[in-house]
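What follows is a set of notes on a single structure, which appears directly below.
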Amino acid sequence: MSKVVVVDHPLVQHKMSIIRDYRTGTKEFREALNEISGLITYEISRNFETKEAKVTTPIEETTVRVLTKDVVIVPILRAGLGMVDGIHTMIPTAKIGHVGLYRDETTLQPVEYYAKFPDLPQATVLVVDPMLATGGSASFAVTAVKKRGAKDIRYVGLVGCPEGVARMQQDHPDVDIYLAAMDARLNEVGYIVPGLGDCGDRLFGTK
Ligand code: PRP
Ligand code: URA
């Protein structure tokens, strides 16, 4: 069974209060989302593998530790894009893949319209999407990276709910889930309650 980590650091909680507020505009929403993404990355990377290396300081040679594996960030378009800069600030060498999905408004099933990935088999892959609602989009995207050989995969989101977590744990028990908040439930049209509304629309100013 995968692990669910809710990063409830006080700074994350404070920034979540900004994100949830319906009065928050696009600029502040985007900034807070990226800041939270950076803070979550600190927690995700806590157990990244490192290996020994040598560097020479201005004084003498010494032993240091460096990250062993490449990291690939895979945002689910569109809303996942809002987390990329925050994660990239923490892991600047990360490569980026993209998977374009939208939820059919009637069936709530994900529909793919784009996919492009760097080499995945040896990398730590972070599948990124702020909203884990039914879990259909996240599960689809994880299947897509597994088909391209990814083995070490984590899901990085902002707000989850029991339905989305259950779907991911059933479909992908090997993929740990990192969130900033775990909400109560889904409403009858598939939105997270209390949630933050439509993340893509709030991020990009669309309706
Ligand atoms: C939203 C969100 C997730 C998905 C989550 O995307 O960004 O990708 O819904 O829902 P699920 O867990 O039920 O699949 P949306 O379809 O609104 O597309 P957008 O990001 O382009 O706005
Ligand atoms: N997508 C969103 O943007 N918000 C939700 O609450 C659910 C899916």
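Brief remarks on what is shown
- Number of the condition not met by Arg185 [criteria: (1) basic (Lys, Arg); (2) more than 15 Å from ligand 1 (Cβ to nearest atom); (3) open to solvent by 70 Å² or more (accessible area, probe 1.4 Å)]: (2)
- Scanning segment 10-23 for residues that are open to solvent by less than 30 Å² (accessible area, probe 1.4 Å) and farther than 14 Å from Gly86 by Cα turns up Met16, Ile19.
- If you go through segment 171-189 and keep only what is in a loop (DSSP other than H, G, I, E, B) and touching a Lys or Arg at 6+ places or on another chain (Cβ under 7 Å), you end up with just Val175.
- Residues considered: Ala79, Ala53. Of these, the only one that is open to solvent by less than 50 Å² (accessible area, probe 1.4 Å), modelled with pLDDT of 95 or more and away from ligand 1 (no atom under 13 Å from the Cβ) is Ala53.
- Failed item, numbered, when Ser139 is tested on (1) within 15 Å of ligand 2 (Cβ to nearest atom); (2) at pLDDT 95 or above; (3) open to solvent by 50 Å² or more (accessible area, probe 1.4 Å); (4) more than 22 Å from Glu43 (Cβ to Cβ): (3)
- Counted residues, segment 63-76 - those being exposed (fewer than 15 other Cβ atoms within 10 Å of the Cβ) and either charged (D, E, K, R) or under 19 Å from the mean Cα position of the chain (by Cα) (or both): 2
- Only one entry in Thr63, Thr107 is part of a strand (DSSP E or B) and free of Cβ contacts under 8 Å to residues at least 12 places away in the same chain, namely Thr63.
- Residue that is nearest to ligand 2 (Cβ to nearest atom), among those in segment 87-108 that are within 19 Å of Leu196 (Cα to Cα) and open to solvent by less than 90 Å² (accessible area, probe 1.4 Å): Arg103
- Selected residue (criterion: nearest to ligand 2 (Cβ to nearest atom)) from residues of segment 146-165 that are assigned to a helix (DSSP H, G or I) and open to solvent by 70 Å² or more (accessible area, probe 1.4 Å): Glu163
- Candidates in segment 171-182 are the residues that are out of contact with any Cys (no Cβ under 8 Å at 6 or more places or on another chain) and open to solvent by 60 Å² or more (accessible area, probe 1.4 Å); of these, the one that is nearest to Thr106 (Cα to Cα) is Pro173.
- Evaluated against (1) assigned to a helix (DSSP H, G or I); (2) within 14 Å of ligand 1 (Cβ to nearest atom); (3) surrounded by fewer than 20 Cβ atoms within 10 Å (Cβ to Cβ), Met168 falls short on exactly one condition, (3).
- In segment 168-200, the residues that are more than 14 Å from Val5 (Cα to Cα) and in contact with a helix residue (DSSP H, G or I) (Cβ under 6 Å, 6 or more places away or on another chain): Asp171, His172, Leu186, Leu196
- Qualifying residue in segment 189-205 (condition: free of Cβ contacts under 8 Å to residues at least 40 places away in the same chain and among the hydroxyl-bearing types (Ser, Thr, Tyr)): no
- Considering (1) at pLDDT 95 or above; (2) under 13 Å from Ala181 (Cβ atoms), the lone condition that Arg23 does not fulfil carries the number (2).
- Members of segment 110-145 that are aromatic (Phe, Trp, Tyr), near ligand 1 (Cβ under 10 Å from one of its atoms) and either touching a helix residue (DSSP H, G or I) at 6+ places or on another chain (Cβ under 8 Å) or not in a helix (DSSP H, G or I) (or both): Tyr113
The values are calculated or read from the model by the stated rules, or taken from the named source; none is laboratory data. Model, not experiment: these values are computed from the prediction. Cβ: placed from backbone, ideal geometry, glycine included. Neighbour counts: every protein chain shown. To get the accessible areas, we keep the full protein, side chains included, count just its heavy atoms, and leave off ligands, DNA and RNA. Shrake-Rupley method; radii C 1.70, N 1.55, O 1.52, S 1.80 Å.
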